[in-house]
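Enquirer: Below is the structure I would like to discuss, written out as structure tokens.
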Amino acid sequence: MIFRTLGTSARKYALFALTALLLSAMNAFAARSDLTLAMVLEPPHLDPTAGAAAAIDEIVYANIFEGLTRIGPDGAVKPALAASWEVSADEKTYVFHLQQGVRFHDGAAFDADDVKFSLDRARAPESTNAQKGLFTAIDEVEVMDPSTVRVSLKYPSGDFLYNMGWGDAVIVGRTSAAGNKEKPIGTGPFKFQNWAKGSQIVLAGNPDYWGEKPALDRATFRFIPDPAAATAALLAGDVQAFPSFPAPEAVPQFQADPRFEVVIGTTEGETILAENNARPPFDNPKVREAIAHAIDRKAVIDGAMFGFGTPIGSFFPPHHPAYVDLTGERKYDPELARKLLTEAGYPKGFRTTLKLPPPTYARRGGEIVAAQLRAVGIEADIIPVEWAQWLDQVFKGKDYDLTIVAHTEPNDLNIFARDDYYFNYRNPAFKALIAQIEATSDDAKRKALYQRAQGILSDDAPVAFLLQFPKLGIWDAKLQGLWKNYPIQANDLTAVKWTD
Amino acid sequence: MNRSLVVGLAITLLVAAMALLSFVWTPYDATAIDIPAKLLGPTAAHWLGTDHFGRDILSMIMVGSRNSIAVALVAVGIGAGIGIPLGLLAAMRGGWLDEMLMRLQDLVFAFPALITAIMITAISGPGAFNAIVAIGIFNIPVFARVARGAALSVWSRQFILAARALGKSESRIITDHVLPNITDLLTVQITIQFALGILAEAGLSYLGLGAPPPDPSWGRMLFEAQTMIGLAPHMALFPGLAIVVTVLGLNLLGDGLRDVLDPKR
């Protein structure tokens, strides 16, 4: 009997193997159409118009939700739900001509009323939009006919079309907007399917999409906070793409492996050592200057990021056309730092605290920065904190001395003009300059103004500028179409496909 | 001569000597960051290589041993200092006091040690002090149980009856007769708890709940080595070895002591 059993199971096995072989052969003809991507952080919810978390946009932007315009992989503004637009001579009136035949995922038709609803909702006083500043220029939104919208501005705004391309400015449905946090309903090429909290979110292709249909019909976003697990998941093939890989030390290993493609790009993430300008001794400009000179950016980049990342001397991304390299203004010079501290009245230095959120760049960078500060006499006690604590204590409560964080929003120089921001930095001249930039649409003039603003921040040293955060993209070598850079927080899957 | 006692004692003394030596001498400053010298394998200049910040791993292990030993020592001290008197009291009085104390111990036991420690450090924040308290609290019921069980069997012996008949007070009986008769057992338990304390400290600092940087600790060294394992395996190997050897040494010492002190052998 034993032999019989063995015989049957062997036959069964052979049949199974044959079927599997056949199936895999068939797969070779039909290109693969599913993808599992990994992200470090899980979003708190999925409504991009009601939250600041980058993880929301990294899932929904361009996939589930679309705006009037969209930001492309190169950072340029492209048409989206607005097929075209006209701008008046005084640059204060925009007429948008909308796409025809667009439907939301719940079947509701999209028209001009949804645009008016979305923009009015975002700029309403009770709005929970995290980027209300994007809408401040808007004076009035009028529906001209179901496929035409006129937006009147209070003043000409050079950023208006760009701002309408942000995840925070996407168009939501009049009937479905309230439920977008748990079940997002947009107009995009992917529909939300399910969310296993703590593990993954699944999107499915939208068969009724108005535009060109993407090659993928299923995309899974998996959340892997641990860098060691991230490396293992990629190596094992559990995930086929990690658009922003968290362990720079493991990158060379993937670069040497032909199964993977490693694409090093740029992000809008200015990584800084923030100082509480309202709290002594950081209210003393000389102390802040001393800190700026005490920091060796190269050591931070080499030690914390394994050489990935670009040093910055102000709060501006090096790939931007208006960037000026100011890293030479505040050179690493511990002697000068000690001298400045003495002039500030701290010849023996002082003791302070450094709160560090969980990402590797902050924890490792923090250890190196603390050692560099110690070398000039500043003893910074490291306090590791979780993200929730960081947001609560540092960002909202402004209860901190020093902290390290990357600010990943694009075009966010204006945070230094906000009185209530956690830096507690106040400079009326800088505020006036930011207002002027927002009201200027001429490119050459804007560039000059941006450069002046960068100079002010380098001179004032409200925070110490460390590095522009790199985008370490690692994915299966057969995968095409993922973004190299992060001009905006997004993992746009519309152009992603498997080759062979 | 008992072999495991000799080996265990030798290893334990060696680790203790290393910790003491680190107060006066280490090959390098254990906290000195030297990025250009990062991730070097073992060489003549750096016997155990360097970590991702270019710090000397041998120096870090030496200074880290101080942290491990101090945490384990104080934790065992808290556990034994509070647990043994409680156990003796429970054995002496019996009745409702014994019941209550033992059920209270059950309550502490019901939480796994590491979870308890994580809870305490989550409430009061990470740091060496909180790690000590967390591990110490878990040690209390361990010592109380061992002391109570051993003391109970001593209390039923005839020489206790004799001492009582002579009019000795209960506290005198404990110090003169009960305690000396259970010292062997407690000594063995102390070495075992000490080894567990070293492991617990490594576990907590691995989870980021131990002493914050820059003070080196064995557990955090392992954590930092985790993502570098393909790049610099020595970063994980040496602190891992330090933990294994130390715990092995203490366990051998405990085994040896039990064999030597046990009158039945």
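The values are calculated or read from the model by the stated rules, or taken from the named source; none is laboratory data. Predicted model only: the values in this text are computed from it and were never measured. Glycine gets a Cβ as well: all are built from the backbone with ideal geometry, and neighbour counts include every protein chain shown. For accessibility, only protein heavy atoms count, side chains too; no ligands or nucleic acids. Shrake-Rupley method; radii C 1.70, N 1.55, O 1.52, S 1.80 Å.
Enquirer: Return the residue satisfying two criteria in turn: it lies in the range B:32-51 and is within 12 Å of another protein chain (Cβ to nearest Cβ) and touching a helix residue (DSSP H, G or I) at 6+ places or on another chain (Cβ under 6 Å), and of such residues it is surrounded by the fewest Cβ atoms within 10 Å (Cβ to Cβ).
Expert: Applying the first criterion (within 12 Å of another protein chain (Cβ to nearest Cβ)) to the range B:32-51 yields B:32-39, B:50-51.
Then keep just the ones that are touching a helix residue (DSSP H, G or I) at 6+ places or on another chain (Cβ under 6 Å); that gives B:33, B:35, B:50-51.
Values: B:Ile33: 23, B:Ile35: 19, B:Thr50: 26, B:Asp51: 26.
This residue is B:Ile35.
Enquirer: Within the range A:122-156, how many residues turn out to be small (Gly, Ala, Ser) and over 17 Å from A:Val170 (Cα atoms)?
Expert: Kept after step one, since they are small (Gly, Ala, Ser), are these residues of the range A:122-156: A:122, A:124, A:127, A:130, A:133, A:137, A:147, A:152.
Those still in the list that are over 17 Å from A:Val170 (Cα atoms) too: A:152.
Count: 1.
Enquirer: Within the range A:326-343, track down each residue that is in a loop (DSSP other than H, G, I, E, B) and in contact with a strand residue (DSSP E or B) (Cβ under 9 Å, 6 or more places away or on another chain). Lay out the reasoning, then the answer.
Expert: Residues of the range A:326-343 in a loop (DSSP other than H, G, I, E, B): A:326-333.
Within the range A:326-343, A:Leu326, A:Thr327, A:Arg330 qualify.
Enquirer: Under 6 Å between Cβ atoms, which residue pairs at least 6 apart in sequence (or on different chains) link something in the range A:403-425 that is over 19 Å from A:Pro358 (Cα atoms) and in contact (Cβ under 8 Å) with a residue 12 or more places away in the chain with a partner that is assigned to a helix (DSSP H, G or I) and basic (Lys, Arg)?
Expert: Pairs found: A:Ala417/A:Lys431.
Enquirer: From the list B:Thr187, B:Thr175, which residue is more than 14 Å from chain A (Cβ to nearest Cβ), among the hydroxyl-bearing types (Ser, Thr, Tyr), touching a helix residue (DSSP H, G or I) at 6+ places or on another chain (Cβ under 7 Å) and part of a helix (DSSP H, G or I)? Spell out the reasoning first.
Expert: Details: B:Thr175 fails: touching a helix residue (DSSP H, G or I) at 6+ places or on another chain (Cβ under 7 Å).
Answer to the check: B:Thr187.
Enquirer: Is one or more of the residues making up the range A:366-386 modelled with pLDDT under 95, surrounded by fewer than 16 Cβ atoms within 10 Å (Cβ to Cβ) and closer than 23 Å to A:Ser244 by Cβ?
Expert: yes
Enquirer: Let me ask something else about it. Which one of these does B:Met1 not meet: (1) exposed (fewer than 13 other Cβ atoms within 10 Å of the Cβ); (2) modelled with pLDDT of 90 or more?
Expert: Every listed condition holds for B:Met1 apart from (2).
Enquirer: Quick one: B:Ser205 ticks every box in (1) away from chain A (no Cβ under 14 Å); (2) buried (at least 17 other Cβ atoms within 10 Å of the Cβ) except a single one, so which number is it?
Expert: The single condition B:Ser205 does not satisfy is (1).
Enquirer: Counting only residues that are under 16 Å from A:Ala82 (Cβ atoms) and surrounded by fewer than 22 Cβ atoms within 10 Å (Cβ to Cβ), how many does the range A:103-117 have? Reasoning before the result, please.
Expert: So in the range A:103-117, the residues under 16 Å from A:Ala82 (Cβ atoms) come out as A:110-117.
Narrowing the set further to residues that are surrounded by fewer than 22 Cβ atoms within 10 Å (Cβ to Cβ) leaves A:111-113, A:116-117.
Final tally of qualifying residues: 5.
Enquirer: Identify, from the list B:Val76, B:Val15, B:Val63, the residue that is closer than 29 Å to B:Arg148 by Cβ, touching a residue at least 24 places away in the same chain (Cβ under 8 Å), away from chain A (no Cβ under 14 Å) and open to solvent by less than 30 Å² (accessible area, probe 1.4 Å).
Expert: Numbers: B:Val15 fails: closer than 29 Å to B:Arg148 by Cβ; B:Val63 fails: closer than 29 Å to B:Arg148 by Cβ.
Residue meeting the stated conditions: B:Val76.
Enquirer: Inside the range A:442-487, can you point out the residues that are in contact with a helix residue (DSSP H, G or I) (Cβ under 7 Å, 6 or more places away or on another chain) and of a type in the set (A, V, I, L, M)?
Expert: Listed by number, the residues that qualify are A:Leu449, A:Ala453, A:Ile456, A:Leu457, A:Ala461, A:Ala464, A:Leu466, A:Leu467, A:Leu472, A:Ile474.
Matching residues to (1) over 12 Å from B:Pro141 (Cα atoms); (2) in a helix (DSSP H, G or I); (3) modelled with pLDDT of 90 or more:
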| residue | (1), (2), (3) |
| --- | --- |
| B:Asn67 | yes, yes, no |
| B:Val71 | yes, yes, no |
| B:Val76 | no, yes, yes |
| B:Gly79 | no, yes, yes |
| B:Ile82 | no, yes, yes |
| B:Gln105 | no, yes, no |
| B:Leu114 | yes, yes, no |
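Enquirer: Got a sec? Which of B:Ala150, B:Ala122, B:Ala162 is part of a helix (DSSP H, G or I), among the aliphatic types (A, V, I, L, M) and within 19 Å of B:Gln193 (Cβ to Cβ)?
Expert: B:Ala150
Enquirer: Select, from B:Ala200, B:Ala225, the only residue that is part of a helix (DSSP H, G or I), within 17 Å of A:Ala229 (Cα to Cα) and either facing chain A (nearest Cβ under 10 Å) or open to solvent by less than 60 Å² (accessible area, probe 1.4 Å) (or both).
Expert: Within the list B:Ala200, B:Ala225, the selection yields B:Ala225.
Enquirer: So A:Gly307 clears everything in (1) over 24 Å from A:His407 (Cα atoms); (2) open to solvent by 30 Å² or more (accessible area, probe 1.4 Å); (3) within 14 Å of another protein chain (Cβ to nearest Cβ) except one condition, right? Which one?
Expert: Result: A:Gly307 fails condition (1) only.
Enquirer: For residues in the range A:342-354 being open to solvent by less than 20 Å² (accessible area, probe 1.4 Å) and of a type outside the set (A, V, I, L, M, F, W, C), which is nearest to the other protein chains (Cβ to nearest Cβ)?
Expert: Checked the range A:342-354; the qualifying residue nearest to the other protein chains (Cβ to nearest Cβ) is A:Thr352.
Enquirer: Which of the residues that make up the range A:344-379 are under 29 Å from the mean Cα position of the chain (by Cα) and in a strand (DSSP E or B)?
Expert: Within the range A:344-379, A:Thr353, A:Leu354, A:Lys355, A:Leu356 qualify.
Enquirer: Out of all the residues in the range A:162-220, which are among the hydroxyl-bearing types (Ser, Thr, Tyr), in contact with a strand residue (DSSP E or B) (Cβ under 6 Å, 6 or more places away or on another chain) and within 19 Å of A:Pro79 (Cβ to Cβ)? Spell out the reasoning first.
Expert: From the range A:162-220, those among the hydroxyl-bearing types (Ser, Thr, Tyr) are A:162, A:175-176, A:187, A:199, A:209, A:220; that's our starting set.
The next check asks that each one be in contact with a strand residue (DSSP E or B) (Cβ under 6 Å, 6 or more places away or on another chain); those that pass are A:162, A:220.
The answer is A:Tyr162, and nothing else.
Enquirer: When the range A:240-259 is examined, which residues are found to be more than 14 Å from every other protein chain (Cβ to nearest Cβ) and touching an Asp or Glu at 6+ places or on another chain (Cβ under 9 Å)? Give the steps one after another, and end with the answer.
Expert: Keep residues of the range A:240-259 that are more than 14 Å from every other protein chain (Cβ to nearest Cβ), which gives A:240-241, A:243-244, A:258-259.
If the condition is that a residue be more than 14 Å from every other protein chain (Cβ to nearest Cβ) and touching an Asp or Glu at 6+ places or on another chain (Cβ under 9 Å), then A:Gln240, A:Ala241, A:Pro243, A:Ser244, A:Arg259 are the ones that fit.
Enquirer: Go through the range A:126-182 and give me each residue that's in a helix (DSSP H, G or I), touching a residue at least 60 places away in the same chain (Cβ under 8 Å) and under 16 Å from A:Ile71 (Cα atoms).
Expert: A:Phe160, A:Leu161, A:Tyr162, A:Gly167, A:Asp168, A:Ala169
Enquirer: Still on this model: Scan (1) open to solvent by 40 Å² or more (accessible area, probe 1.4 Å); (2) of a type in the set (Gly, Ala, Ser); (3) free of Cβ contacts under 8 Å to residues at least 60 places away in the same chain; (4) out of contact with any Leu (no Cβ under 8 Å at 6 or more places or on another chain) for the single condition A:Ala83 breaks and write down its number.
Expert: So the condition that A:Ala83 fails would be (4).
Enquirer: Go over the candidates A:Ile301, A:Ile291 one by one and state the one that is part of a helix (DSSP H, G or I), of a type outside the set (S, T, N, Q), under 17 Å from A:Ala406 (Cα atoms) and open to solvent by less than 20 Å² (accessible area, probe 1.4 Å). So that I can check it myself, show each step before the final result.
Expert: Values: A:Ile291 fails: under 17 Å from A:Ala406 (Cα atoms).
A:Ile301 is the lone residue from the list that is part of a helix (DSSP H, G or I), of a type outside the set (S, T, N, Q), under 17 Å from A:Ala406 (Cα atoms) and open to solvent by less than 20 Å² (accessible area, probe 1.4 Å).
Enquirer: For the range A:452-477, what are the residues that are open to solvent by 60 Å² or more (accessible area, probe 1.4 Å) and either in contact (Cβ under 8 Å) with a residue 24 or more places away in the chain or among the acidic types (Asp, Glu) (or both)? Please lay out each step first, then the result.
Expert: At the first step, the residues of the range A:452-477 found to be open to solvent by 60 Å² or more (accessible area, probe 1.4 Å) are A:452, A:459.
Residue satisfying the conditions is A:Asp459 alone.
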